[in-house]
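In what follows, a single structure is set out as structure tokens and then discussed.
Read the figures in this text as sums done on the coordinates, not as results from a lab. Quick caveat: nothing in here was measured; it's all calculated off a predicted structure. Reconstructed Cβ throughout: ideal geometry from the backbone, glycine too, with neighbour counts over all protein chains shown.
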Amino acid sequence: MFFYTFFALLLLGATFCIWRISVADFRRRIIPDAYLFPLLLIGLILTHFFPWICTTAESIAGAVIGYALASIIGLLFEKFSKNKIDTPIGMGDIKLLAVSGLWLGTNGLAIALVYSCIFGSIWAHNKKQKFIPFAPFLFLGGFLSFITILFLL
């Protein structure tokens, strides 16, 4: 009984962090570390004690791959962008991809990225905006990835 309560409290804390990160990304185009690092810690605890989607090794591999992939994309934008001041991907997005990889593993991260890019593109097209707040769409993609993985297992 204690483990279910602990599990529910961790998920409640993660939901709060996700909500605050999404609001901050929409309003200020920033992903605060004050909510990102607790989300990382909650993900580590959940994947270690409750391996529901992936094992601890798969989640660490997902975090490394997410961080490396986002870093490479960020470096390419920085190198080839004409506007050096306002790059489309920041360090918050890079850390967010690492956290997403930790929660979902490598397969889940790939599915989440596909979902988030589709929904983010649709939103940007409908709103006629160039700036896309990536965090809310990555969280939506992560949730749909989680559902997809649960039904495929």
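For a quick check, take a GNM of the chain with Cα springs below 10 Å and name the residue from Gly66, Gly142, Gly74 with the largest mean-square fluctuation. For the chain, modelled as a Gaussian network with Cα springs under 10 Å, the answer is Gly74. Across region 91-120, the residues whose backbone nitrogen lies under 14 Å from the label position 7 Å along the beta-carbon direction of Arg28 are 92. Build a GNM of the chain with springs between Cα atoms under 10 Å apart, and of Ser71, Ser121, Ser100 the one that fluctuates most is Ser121. Exposure proxy shown here: for Asp33, Asp93, the number of other Cβ atoms within 10 Å sets the order, fewest to most, as Asp33, Asp93. Considering only Phe137, Phe80, Phe37, give the residue with the highest GNM mean-square fluctuation for the chain, with springs between Cα atoms whenever their separation is below 10 Å. Sorting by GNM fluctuation, first place goes to Phe80. Bridgeable lysines around Lys95 (alpha carbons under 21 Å apart, same-chain partners fewer than 8 residues away excluded): Lys79, Lys84.
Taking other residues whose beta carbon is less than 10 angstrom from the beta carbon of Leu36, and scoring Lys, Arg as +1 and Asp, Glu as -1, yields +1. Cβ-Cβ distance of Ala68 and Leu11, R₀ of 35 Å, FRET efficiency by 1/(1 + (r/R0)^6): the value works out to about 0.80. Averaging over all projection directions, the Cα-based convex hull of the chain occupies 9.4 nm² in the image plane.
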